[in-house]
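What follows is calculated from the coordinates using simple rules that are stated; it is not laboratory data. Note that the coordinates shown come from a computational prediction; the quantities given were computed from them, not determined experimentally. Heads up, the Cβs are rebuilt from the backbone with ideal geometry, glycines too, and the neighbour counts pull from every protein chain shown.
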Amino acid sequence: MISSVRGTVASIGLDHAVVEVGGVGFAVQATPHTLATLRRGEEAALATALVVREDSLTLFGFADIEARDLFWLLQTVSGIGPRLALATLAVLEPAQLRAALADSNITVLTQVPGIGRKGAERLSIELRDKVGALAGAGDAPVAPVAGQVRGSVVEALVGLGFPVKQAEQTVDTVLAADAGADTAAVLRQSLATLGRKR
């Protein structure tokens, strides 16, 4: 298993980055929050999780080990696959997620698109006693400019299945209220707003 990668960031996409390690470029799927910490041409170190399927090998990258451990832990719950686990970490920072699970905060957990009330209750019941074992060490994101934030968040929302026009309108509304918000904050607020409209 590939548990981490360290190398030069060759490119940064909307939902992934390519990190060159020893002449090999690894495509690493990541949250907007993690991608915002990377800079093209600079060295980066990511904790990673390799998900093996019959028809694919997908590498997921995280800014720290705590987020990666939560990514694996979420998938121990029936109905939670790697994409939904990554979406959960895009909406909720590790500390928020641990607190929501430990406190059975269904309102917070249902902010994640794809997780309804029953799914949130199942997550809480199955994981609340396990999250305390995960030690937390936060990472500080680098705040990109508003235009980059808007583009990244809109694409992330479209990737999660929201219509382009609806995604753009929601992100614009969120940025109008807080122009200085970083990618992760705008994505969380946009998803919360869209979740209320569904």
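The table that follows gives values for the structure above.
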read-out: In Hz, Karplus ³J(HN,Hα) per residue of the range 171-187 (6.51, -1.76, 1.60; θ = phi - 60°; x = Gly, Pro); value: 5, 4, 5, 5, 5, 5, 7, 8, 5, x, 5, 7, 4, 4, 5, 5, 5
read-out: Phi to ³J(HN,Hα) by Karplus 6.51 cos²θ - 1.76 cosθ + 1.60 over the range 75-92, Hz, x for Gly, Pro; value: 6, 6, 8, 4, x, 9, x, x, 5, 6, 5, 5, 4, 4, 6, 6, 8, 10
read-out: Reference-scaled alpha-carbon Rg (2.2 N^0.38 Å with N residues) for the range 1-41; value: 1.06
read-out: Convex hull projection area averaged over all views, the chain, Cα basis, nm²; value: 11.2 nm²
read-out: P(r), alpha carbons of the range 54-135 - 10 Å bins starting at zero, rounded %; value: 19, 59, 20, 3
read-out: Cut-off under 5 Å, modelled amide H: who pairs with S4 long-range; value: T48
read-out: Whole-Å distance, taken between Cα centres, linking the range 53-72 and the range 166-194; value: 26 Å
read-out: Helical mean residue ellipticity (222 nm; -39500 (n - 2.57) per DSSP H run of 4+; nearest 500) of the chain; value: -13500 deg cm²/dmol
read-out: Label-point separation in nm, V158 to A99, each point 7 Å along Cα→Cβ; value: 3.4 nm
read-out: Reciprocal mean inverse distance between Cα atoms of the range 15-68 - Kirkwood radius, Å; value: 11.6 Å
read-out: Using θ = phi - 60° and Karplus 6.51 cos²θ - 1.76 cosθ + 1.60, couplings along the range 27-41 (whole Hz; Gly, Pro as x); value: 7, 10, 6, 7, 6, x, 4, 5, 4, 5, 8, 9, 9, 4, x
